[in-house]
Amino acid sequence: MEFTVEQIATMLEGEVKGDGSKKINMLAKIQDAGEGQISFLSNPKYEQFIYETQASAVIVKKDFSAKREIKPSLILVDDPYTSFTRLLEEYHKFISYQKSGIEEPSFIGENATVGSDVYRGAFSYIGNNVTIGDNVKVYPHAYIGDNVTIGDNSIIHPSVKLYADTKVGANCVIHSGVVVGSDGFGFAPQQDGTYKTIPQLGNVIIGDNVDIGSNTVIDCATFHGDSTKINNGVKLDNLIQVAHNVEIGSNTVIAAQTGISGSTEIGSNCVIGGQVGIAGHLKIASKTSIAAQSGIGKDTAEKDVMFGSPAFDHKDYIRSYIVFRKLPDLSRRLKQLEEKVLDLPSFQEKS
């Protein structure tokens, strides 16, 4: 991949200051970038590097004013960080979508429909009645079960497992080791102390523009006709457990090692930190923020910010934590107070 500074500026709707004909073939950090590479300057504390960098171009804010001479050409934009992120996305698309064709051995079942420019990696398995859209990439060792649907431009990385009846939207990225549609945790206790398995007959529906990190597991719904739902724009980190009949609202982001118990509904535009545990059958309102390692055992209201385990409102948490930190000192002062009270003459006379 090679573009001129001018071409990149056009894509980012920016303005070139310097030589727009320079060739760019790589992205890099400003302190490490060299000839032919492009970087960005967003945080003022890194400004020193723009005078030292060997990058051919740097993306900067429109009002940036150099304090001394600089080597790279500049691309002036409203938000350098967002613009560089967009450039990373375009680069990722380029390298992700360049594969096409069919590698052997691979398998495709009966009545499967496959769109144009699809890549099927070696040892991939596609079941019966599967529908795959245009420009989909199915990497080696991926398993696509019967009746699965995958929308245009989605990427199924190596060793992903999509159980039967799973529906994946357009422009999704599902990373290596993800399992979608496995059985929910359904076991009925018996009188003799054993557990009887409850068949899980539903499916999983994943919307458009969803990213799912490596080794995340999303269980199918319990009953036929019901679905575990991951709505448009959701971003799931690695190692997340989403239980049966959960619904995650659009544009919610969830960090690694979070576990969501069955039948919980999470609203849209929520931000959930790592290692959060959410109990079952709860309603997490839209725009809720949950700090890392919090334990959620009750419903939340819109725009709640939750801390702690069990979690409660962050303002109450901060006030409580201030007291908690003072407990050793308070204990010492209480002991001193007790000693003084016990030493009072009036107290001794009554004794």
State the number of residues belonging to the range 140-164 that are surrounded by fewer than 21 Cβ atoms within 10 Å (Cβ to Cβ) and either part of a strand (DSSP E or B) or on the phi > 0 side of the Ramachandran plot (or both). 6
Does at least one position in the range 186-198 carry a residue that is closer than 25 Å to residue 143 by Cα, modelled with pLDDT under 95 and in contact with a Gly (Cβ under 6 Å, 6 or more places away or on another chain)? yes
Being more than 29 Å from residue 176 (Cβ to Cβ) and exposed (fewer than 14 other Cβ atoms within 10 Å of the Cβ): is that true of residue 71 here? no
Kindly establish whether residue 250 is out of contact with any strand residue (DSSP E or B) (no Cβ under 8 Å at 6 or more places or on another chain), closer than 22 Å to residue 206 by Cβ and either buried (at least 23 other Cβ atoms within 10 Å of the Cβ) or not β-branched (Val, Ile, Thr) (or both). yes
Name the single residue, out of those in the range 199-213 being farther than 16 Å from residue 167 by Cβ and either crowded, with 18+ Cβ neighbours inside 10 Å or in the same structural domain as residue 92 (by TED's automatic domain parsing) (or both), that is modelled with the lowest pLDDT. 200
Residue 48 passes all but one of the listed conditions (1) closer than 15 Å to residue 3 by Cβ; (2) out of contact with any strand residue (DSSP E or B) (no Cβ under 8 Å at 6 or more places or on another chain); the exception is number (1)
Of the conditions (1) surrounded by fewer than 16 Cβ atoms within 10 Å (Cβ to Cβ); (2) in contact (Cβ under 8 Å) with a residue 24 or more places away in the chain; (3) under 19 Å from residue 213 (Cα atoms), residue 115 clears all except one; give me its number. (3)
Write out, first by first residue and then by second, each pair whose Cβ atoms fall under 8 Å of each other, whose residues are 6+ apart or on separate chains, and whose first residue, in the range 63-86, is within 15 Å of residue 50 (Cα to Cα) while the second is among the basic types (Lys, Arg). 73/17; 73/22; 74/17; 75/17; 76/17; 76/61; 76/62; 80/61
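The values are calculated or read from the model by the stated rules, or taken from the named source; none is laboratory data. All figures in this text were calculated on a predicted structure; none of them were measured in a lab. Positions of Cβ are generated from backbone atoms using ideal geometry, with glycine treated the same way; all protein chains shown enter the neighbour counts.
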